[in-house]
Amino acid sequence: MNASSVLEVTQYLTFLLGDEVFSLEITRVREVLDYTIITRVPRTPEYMRGVINLRGSVVPVVDLRLKFGMTAASVTVNSCIIIAEATVNGDPVVLGLLADAVQEVLELDKESVSPAPRIGTKLDTGFIKGMGRQNDRFIIILDIDRVFSHDELGLAQELGKNAEGAGPLNA
């Protein structure tokens, strides 16, 4: 078999926010949890929903709908928390991403992924790694390291550290 004939594919976890399909590279996803009780942390941005107890570790949870300027959604039986890993200043930051539903793990080859759209100069689309195509639908591929600013990831990192220093959470 010729090495040039091997198609390079990447696996993505797809999930829903409203009617839109988003995805993360599977290598950045640790696990998917059923929705659980989130402890609100005062004086944090609205999209920073709070923290959860994940086997004794404190994990900050972000509502991606609110972060992306969408309306908040009610929690349903399909609501879930995607535990993902971002990087800030070379250090891993574990985050919970609140999603309406998880769909599937999908393999896309390079030919099925287009660059992120350029939508004028005022709209920042730097957090979009690309647009995947599967059949007749588009999948927005997120760059988890760029969805949040360094300050926001730093806040998430501090939330986790400060809460862990306060002792275990009851969840």
- Query: Within the stretch 65-85, restricting attention to residues that are under 11 Å from the mean Cα position of the chain (by Cα) and more than 13 Å from L16 (Cα to Cα), which residue is surrounded by the most Cβ atoms within 10 Å (Cβ to Cβ)?
  - Reply: A84
- Between residues in the stretch 16-41 that are in contact (Cβ under 8 Å) with a residue 60 or more places away in the chain and closer than 21 Å to P92 by Cα and residues that are of a type in the set (D, E) and assigned to a strand (DSSP E or B), which pairs lie under 8 Å by C-beta distance while being six or more apart or on different chains? R28/E85; R30/E85
- Can you tell me which residue among V29, V51, V94, V59 is modelled with pLDDT of 90 or more, in contact with a Pro (Cβ under 6 Å, 6 or more places away or on another chain) and surrounded by 13 or more Cβ atoms within 10 Å (Cβ to Cβ)? V51
- Message: Considering only the stretch 30-51, I want to know if a residue exists there that is of a type in the set (F, W, Y) and within 24 Å of G132 (Cα to Cα).
- Response: no
- Query: Among (1) closer than 25 Å to N135 by Cβ; (2) in contact (Cβ under 8 Å) with a residue 24 or more places away in the chain; (3) touching a strand residue (DSSP E or B) at 6+ places or on another chain (Cβ under 9 Å), which single condition is S112 missing?
  - Reply: (2)
- Inside the stretch 130-164, can you point out the residues that are in contact with a strand residue (DSSP E or B) (Cβ under 6 Å, 6 or more places away or on another chain), modelled with pLDDT of 85 or more and open to solvent by less than 100 Å² (accessible area, probe 1.4 Å)? G130, M131, G132, I139, I140, I141, L142, D143, I144, D145
- Query: All but one of (1) modelled with pLDDT of 90 or more; (2) within 17 Å of D143 (Cα to Cα) hold for V88; which doesn't?
  - Reply: (1)
- Task: Scan the stretch 105-116 and give yes if some residue there is part of a loop (DSSP other than H, G, I, E, B), closer than 17 Å to I139 by Cα and open to solvent by 60 Å² or more (accessible area, probe 1.4 Å), otherwise no.
- Result: yes
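The values are calculated or read from the model by the stated rules, or taken from the named source; none is laboratory data. From a predicted model like this one, the values you see are computed outputs, not experimental measurements. So basically every Cβ, Gly included, is an ideal-geometry build from the backbone, and we count neighbours across all protein chains shown. Accessible surface areas use protein heavy atoms only, side chains included; no ligands, DNA or RNA. Shrake-Rupley method; radii C 1.70, N 1.55, O 1.52, S 1.80 Å.
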